[in-house]
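Q: The structure is given below, and queries will be raised subsequently.
The values are calculated or read from the model by the stated rules, or taken from the named source; none is laboratory data. Predicted model, so just to flag it, every value in this text is computed and none were measured. All Cβ positions, glycine included, derive from the backbone under ideal geometry; neighbour counts span all protein chains shown.
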Amino acid sequence: MKCPHCLADLKYRDRRYSKKCPQCQRPFALEPRDNSLRMSDLRLRGLAERLSKQGKCWYTAAQLGCAAIRNKIKQEKEKQVSERKLIVFVWVSAGVAFILFFFVVEFHIFSFVILILAICFGILEYLRSRQTPLEEFQKVLEGFEEQFVAPWERIHGVLPGRVTAQEAMALRRFQLPPSQVRAVLASPVTDVLDCLRANGLPQRLGLVLINPDQPTGADEAMIALLRNRPRLPLLLVHDASVSGCLLPALLPARWGLAPNHRIVDLGLRPRHVQQLRLPWKREATPRELLNLLERRTQMPNGLALTPEERKWLRRGYATSALFIPPARLVAVVTQAVERLAPARVVDPEAQARAVGFMTWPS
C-alpha cells in the first residue's frame, strides 16, 4: 500500500506493527490486510470523493459503507469469472472421461477421479450461487462507521462530503413554512432523509421530509396539511422489501389521507434492484405480510408490482435504499418534485401590468 501522506510504497513487514510510514513517520488508519474490504486510507478517501462527485454531493456514513460493500461485491464477482471458467473446464473433462470409461477400460480409474472432482466442483458452485454476497458483509456494514470512518477521521479529519451526526441533527431542526411546501417525501430510512437535507432539497424544492416510523410534532402538522390538500404530492422512498413495497398501500390509511391523494412511489422496487445491479440479501418475512402483499396487488388500483417482482419478494429478498448512490437519489427526487409540483415562474412584465401604472413611482 501507499502512505496516505507522502505516497511512499510501504511493505507489509515495515508497517504491520507500528501502523506508521517508515519514511515520514506519520500514522495511517487502515491496514488492508486487517479488514475484509481490503480498505486502505487512500482507497477510502477515493471512494468518498467518487461518492460525493468531487464535493458536489453530500452523503452519510451508512451510504459510504453501502458503496464500499457494493464495490467489494463487484470485485468478488469479477474474481468468480475465472473460477467459473475452471469449473466449465472440469465438467468438460469429466464428460470426456466418462465417455472413455465406457469405451476404453484402461482409463476407468482416471475417469472415475475426474467425475468425482467434477461433482464436487458442481456442488460448491451450487452452494455459492445460493449465497448472496451482501449477507457475508452484513456485519461489516453494521459496524462500518466504527471500523473504518472513525479511525480515518481521527487522523485525517472529516471525509470529503460526509455529513456528521451533529450536522444531521442540526439539519433536522429546520422547518419549512406551510406556504412554501410544494411536496412531501416520506421514508422510513433515516439516512435517506439526512442525505436529502444535507443536499439542500427542503429549501431548494420546498420539500418536507418525514420519517413515518418516527414522526415529530412538526411532522404531525405537515400530515394534517396533507389531509387538507389532497393534490399535494406525497413521494415515497423505501427499501426493496415486502414491508417497503407495502408502504404506498398502508401509509395513506395510517395518516388518514383521502383515497385519491396524489402518491408517487419512487422505489426501491425489485426491478430497480435488477436494473441497477444492487446487492440483495434474504430476510425472514412474516406470512401475514406476504398475504397482505398479494391481496393489495390484486385489488383494483392496488400495488403495481409485476409477477416477477412479487416472486422476488416472496423469496425473502431485500435491498436497502441506502445502496442508491446519493447523487442518483438527489436527481430522482428533484426530477419528481419539478415534474409534479413545478415552481411558479413570475413574469416581470405580467406582474407590472397587474399592478397598474397608477402605482408606479413618479
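Q: Being over 13 Å from W152 (Cβ atoms), touching a Pro at 6+ places or on another chain (Cβ under 7 Å) and either surrounded by fewer than 18 Cβ atoms within 10 Å (Cβ to Cβ) or modelled with pLDDT under 90 (or both): is that true of D34 here?
A: Criteria not met by D34.
Q: R296 - would you say it is under 19 Å from L234 (Cβ atoms), charged (D, E, K, R), free of Cβ contacts under 8 Å to residues at least 60 places away in the same chain and crowded, with 19+ Cβ neighbours inside 10 Å?
A: So R296 fails the test.
Q: Select from region 245-261 the residues that are touching a strand residue (DSSP E or B) at 6+ places or on another chain (Cβ under 9 Å) and either within 22 Å of P307 (Cβ to Cβ) or among the small types (G, A, S) (or both) and write down the one among them that is surrounded by the most Cβ atoms within 10 Å (Cβ to Cβ).
A: Result: C245.
Q: Can I ask one more? Answer yes or no as to whether L268 is at pLDDT below 90 and either of a type outside the set (S, T, Y) or out of contact with any Phe, Trp or Tyr (no Cβ under 9 Å at 6 or more places or on another chain) (or both).
A: No: the conditions fail for L268.
Q: What number goes with the only condition from (1) in contact with a Ser or Thr (Cβ under 9 Å, 6 or more places away or on another chain); (2) under 16 Å from L176 (Cβ atoms); (3) buried (at least 21 other Cβ atoms within 10 Å of the Cβ) that L226 does not pass?
A: L226 satisfies every listed condition except (1).
Q: What number of residues within region 187-230 satisfy the criterion of being touching a His at 6+ places or on another chain (Cβ under 8 Å) and without any contact (Cβ under 8 Å) to a residue 60 or more places away in the chain?
A: Number satisfying all stated conditions: 3.
Q: Condition first: touching a Pro at 6+ places or on another chain (Cβ under 7 Å), more than 30 Å from Y317 (Cα to Cα) and not hydroxyl-bearing (S, T, Y). Can you find one or more residues in region 134-143 that meet it?
A: No, region 134-143 has no match at all.
Q: Have a look at D14, D9, D41 and point out the one that is of a type in the set (D, E, K, R) and within 14 Å of H156 (Cβ to Cβ).
A: None of the others qualify; the one that does is D41.
Q: Does any residue in region 323-336 that is surrounded by fewer than 18 Cβ atoms within 10 Å (Cβ to Cβ) come within less than 9 Å, Cβ to Cβ, of a residue that is of a type in the set (V, I, T) six or more places away or on a different chain, and which pairs are these?
A: V332/V237; V332/I324
Q: Considering every residue within region 174-190, establish whether at least one is surrounded by 13 or more Cβ atoms within 10 Å (Cβ to Cβ), modelled with pLDDT of 95 or more, in the same structural domain as R328 (by TED's automatic domain parsing) and assigned to a helix (DSSP H, G or I).
A: Looking through region 174-190, at least one residue is surrounded by 13 or more Cβ atoms within 10 Å (Cβ to Cβ), modelled with pLDDT of 95 or more, in the same structural domain as R328 (by TED's automatic domain parsing) and assigned to a helix (DSSP H, G or I).
Q: Then there is this: Here's a check for you: in region 295-310, which residue that is in contact with a helix residue (DSSP H, G or I) (Cβ under 7 Å, 6 or more places away or on another chain) and in a helix (DSSP H, G or I) is farthest from R269 (Cα to Cα)?
A: R296
Q: Follow-up. For V264, all conditions in the list (1) of a type outside the set (G, A, S); (2) within 21 Å of D213 (Cβ to Cβ); (3) surrounded by 18 or more Cβ atoms within 10 Å (Cβ to Cβ); (4) in contact (Cβ under 8 Å) with a residue 60 or more places away in the chain hold save one; what is the number of the exception?
A: Looking at each condition in turn, V264 falls short on (3).
Q: Consider W255 carefully, then state whether it is under 26 Å from K72 (Cα atoms), among the aromatic types (F, W, Y) and touching a residue at least 24 places away in the same chain (Cβ under 8 Å).
A: no
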